[in-house]
2 protein chains.
Amino acid sequence: MTTEVINAEDSVPEQSLAELMQATGRAAVAAAQVLAHAPSRQKAQALRVAAAAIRKRRSELVIANQRDTETASRKGLRGALLDRLKLTEEGIETMALGLETIAAFPDPIGTVLAEWTRPNGLRIQRVRVPLGVVGMIYESRPNVTADAGALCLKAGNAVILRGGSESQHSNQAIHACLLDGLNAAGLPSSSIQLVGTTDRAAVGYMLANMSAFIDVLVPRGGPSLVARVLQEARVPVIGHLEGNCHVYVDRDADLEMARSIVLNAKLRRTGVCGAAETLLVDRACAGTHLEPIVTALMQAGCEVRGDAPVQKIDPRIRAATEEDWFMEYLDAIIAVKVVDGVEAAVAHIHKYGSAHTESIVTGNQQTADRFLALVDSAIVLHNASTQFADGGEFGMGAEIGISTDKFHARGPVGVEQLTSYKYVVRGDGQVRRP
Amino acid sequence: MTTEVINAEDSVPEQSLAELMQATGRAAVAAAQVLAHAPSRQKAQALRVAAAAIRKRRSELVIANQRDTETASRKGLRGALLDRLKLTEEGIETMALGLETIAAFPDPIGTVLAEWTRPNGLRIQRVRVPLGVVGMIYESRPNVTADAGALCLKAGNAVILRGGSESQHSNQAIHACLLDGLNAAGLPSSSIQLVGTTDRAAVGYMLANMSAFIDVLVPRGGPSLVARVLQEARVPVIGHLEGNCHVYVDRDADLEMARSIVLNAKLRRTGVCGAAETLLVDRACAGTHLEPIVTALMQAGCEVRGDAPVQKIDPRIRAATEEDWFMEYLDAIIAVKVVDGVEAAVAHIHKYGSAHTESIVTGNQQTADRFLALVDSAIVLHNASTQFADGGEFGMGAEIGISTDKFHARGPVGVEQLTSYKYVVRGDGQVRRP
């Protein structure tokens, strides 16, 4: 429980990597046993002190982050990726606020989710308990260190954080603030551990050799990271997969609302998983709605790829290929298609989508209900932007990611989704017959 | 959707196994799309008609089962295993009643699990939806065919059933009754499919090659089956692992109650996963409680293995080895140990147990609460037999198994545990800023 973060060199011999990771795993399990029964106020205190430390050490965090971004620039990291790595003063304040929001949340642990009494007098309760030890594997964004650490702690879990080597100095600086909080609250410092090596083999070790310690893995990063985790993991995974999100503009859509929602869904931030990648327009309103929306997108700097009716609008619009309908551009590019009503829109979404987030714009309640019922995605919206796909926007304080699994957790993964339950049964001597 | 069960020979060439399984998978996905939106009354009708068919064809079921048990006897199947395979008239009625109980249950699909409104006016609902396609791999007990088929149908899932070859005729006869129900209700016959080959390679194929079709696998059988599934599966698994269950008799236990609970927990049925395997007795009451309980167990025909204080009671008690504390006997054998109070009991359970089901017998509420809070098992009981570890006894109608995972589902896996949820968000034009 007193295991500190071990600062190893970039490449550690295999034996010592195993030793390091086993020690990390054991320390996490020991911490989890304490956290499972830690009082709410102790966990909240740790988070509030950590938030204060983040504000106080703002300049240290900025300097650590500059080291990371400079190295990344030298290595030729491109715009969006470099952008995700960057920690601004505003981003630091958002992190601190996030910790305080999570601290103020009700403690999920010990909550009675259901209770009932059996005819034989047995009183049964389903009670929320922590998952145990969470393994978090992520890239770039250093704020994940604070968000994931805080969410796991609040849910009574120990967490092993394995951030990308590109953000190691930022992660270490943020982690030091979290340790301040744990120490001030008298909680085990191994409650939130940052893997002390940037050796890439550490990821493989977490995936394949730590099932005795880790109850669930949460990958957060690009498609190749997530695919690797799903392929190699020997423990359960909460998968954060790609978001090929759709907006469907129905025949009964208000044009102004549709234009506003499409522009926001595509362009507010193009690099988030909730950004729209394909626009579907009902053929019945294509004559009135298609051209104004496509023109607005192009005027806002968005590249448009489309089917034949869309291409007629502007000679710069190239034909969308079969691959385009599958693409998560994460960029100012959109694929646009004219479809025959809500049924065809749903069929397109099920064929090409990633079951993340889809929105319908329509003034027709029946059509909306049909879309909301039929589309089998984690989040379905009516008359709202897909960019609301976010734990914070859902009022969940923060999120560790958005799950496109149907298993265990779906959609934004916040505190509740990082818990399990057990059954507590109280009797007065009941035995089972016959 | 009209794909029927394909009755292939025992060993099918690899290509045709792949073809068979892919066709099964495609048919299941198509059925799942219908079931996700099937009205409650239609699903309930299918289950009631199936129950009626089971009663009507009782003698056919018995004959089919006799074929299986005779073959199994010839192959030298032992007592408990043969017992599990056997379908009695009483067992057939229990199956029919189980289907009717599940039919009468409220439909979980479409239930709003939570709803709230955000400051920006977005109305968010978390709505229960089916998981999709369940793959069920099981051994021996033919009633699993009916239970699993019914639970999956009720939860709006299609299911691919892969029973053991030893129970194939029984499974086919039960499956025919389920098909009667589906047909009568106008639901796709591929809603509940029985894999039409007893080729063992079909199991491997389900584990490794059907992730495009199967959303979750549920293994139910011996430790080797479950271990294989956990090792090879490329899709999420609801693991039904072994039950090394404990009863702890505390210093404040009423002797009569303790004796009654221990005898029932161990001996009511020794072959179920909720049977107690280890008895822990508080040293503070060993002088009064140990001998009467151990003697009662021995008089009831139970072999006792124990530590030194237990061995003193009777010369027939052999020393318990380290392996004994880990054992799931599933037989009339119990390991007995004297421990220093509730903390030592909890430590023993965490070291040797399988986190399935544990019970404390005590008249002291504080001690009970401590045990119930500290023991990290799917089910913890106070003053009741571990044999209540059962979905039916919990009032869940039936169960597909008892999960010792913490992930997704824990404890009895009934209808609710076979569902997921999605978020439905309703707005009036909201876009996200900044």
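What follows draws every value from the coordinates through simple rules; no lab data is involved. From a predicted model like this one, the values you see are computed outputs, not experimental measurements. Because the Cβ atoms are built from the backbone with ideal geometry, glycine has one as well, and the counts that use them run over all protein chains shown.
Worth a mention:
- P(r) tail, the protein assembly as shown: Cα-Cα pairs separated by more than 47 Å, 28% of all pairs.
- FRET E, pair B:SER73, A:ARG269, Förster distance 56 Å, beta-carbon r, rounded to 0.05: 0.25
- Coupling constants for the range A:113-130 follow from the phi torsions by the Karplus curve (6.51 cos²θ - 1.76 cosθ + 1.60, θ = phi - 60°), and in residue order they are 7, 6, 8, 7, 10, 8, x, 7, x, 5, 9, 10, 10, 9, 10, 6, 10, x Hz; glycine and proline get x.
- Per-residue average of Cβ from other chains inside 10 Å of B:385-391: 4
- Rough spin-label spacing in nm, given labels placed 7 Å along Cα→Cβ, for B:GLU256 and B:ALA184: 4.9 nm
- A:ASP331-A:SER59 FRET efficiency (beta carbon distance; Förster radius 35 Å; 0.05 resolution): 0.60
- Environment charge at B:LEU207 (Cβ cut-off 9 Å; Lys +1, Arg +1, Asp -1, Glu -1): +1
- Exposed loop sites, defined as trypsin sites (Lys or Arg not before Pro) outside DSSP H, G, I, E and B with at most 16 other Cβ atoms within 10 Å, are absent from the longest region of chain B, namely B:79-199.
- In Hz, Karplus ³J(HN,Hα) per residue of the range B:307-323 (6.51, -1.76, 1.60; θ = phi - 60°; x = Gly, Pro): 7, 3, x, 6, 4, 5, 5, 8, x, 6, 7, 8, 5, 6, 8, 4, 5
- Length-normalised contact order of the range B:156-241 in % [C-alpha pairs under 8 Å, at least 6 apart]: 26 percent
- If you plug the beta carbon distance of A:SER16 and A:SER211 into 1/(1 + (r/R0)^6) with R0 = 22 Å, you get a FRET efficiency near 0.60.
- At q = 0.14, 0.15 Å⁻¹, base-10 log of I(q)/I(0) for the range A:245-388 (Debye sum, equal scatterers on each alpha carbon): -0.53, -0.62
- Residues of type aspartates and glutamates that B:LYS86 reaches as a straight line, Cα spacing below 15 Å, ignoring anything fewer than 8 places off in the same chain: B:GLU60, B:ASP68, B:GLU70, B:GLU139, B:GLU166
- At 7 Å out from Cα toward Cβ: A:GLY79 inter-copy label distances (nm, ascending): 7.6
- Summing Lys and Arg as +1 and Asp and Glu as -1 over all other residues whose Cβ lies under 15 Å from the Cβ of A:ILE402 gives a net charge of -2.
- Normalising by residue count, chain A has a Cα convex hull of 177 Å³ per residue.
- Teacher prompt: A:SER224 distances to equivalent labels in other copies, 7 Å Cα→Cβ, nm: 4.2
- Rg over Rh, two decimals, the range B:134-273 (C-alpha only, Kirkwood Rh): 1.10
- For the range A:131-158, the residues whose backbone nitrogen is under 14 Å from a point 7 Å from the Cα of A:LEU81, taken along Cα to Cβ, are A:139-141.
- Whichever lysines have a C-alpha closer than 19 Å to that of A:LYS351, once near sequence neighbours (fewer than 8 apart) are set aside: A:LYS337, A:LYS406, B:LYS422
- Span-like helix ranges in chain B, DSSP H, alpha carbon extent 27 angstrom or more, Kyte mean at least -1.0: B:14-35
- Expressed as a whole percent, the proportion of Cα-Cα pairs in the range A:91-186 lying more than 19 Å apart is 51%.
- Inter-copy label distances at B:MET298 (7 Å, Cα→Cβ; nm, one decimal): 9.3
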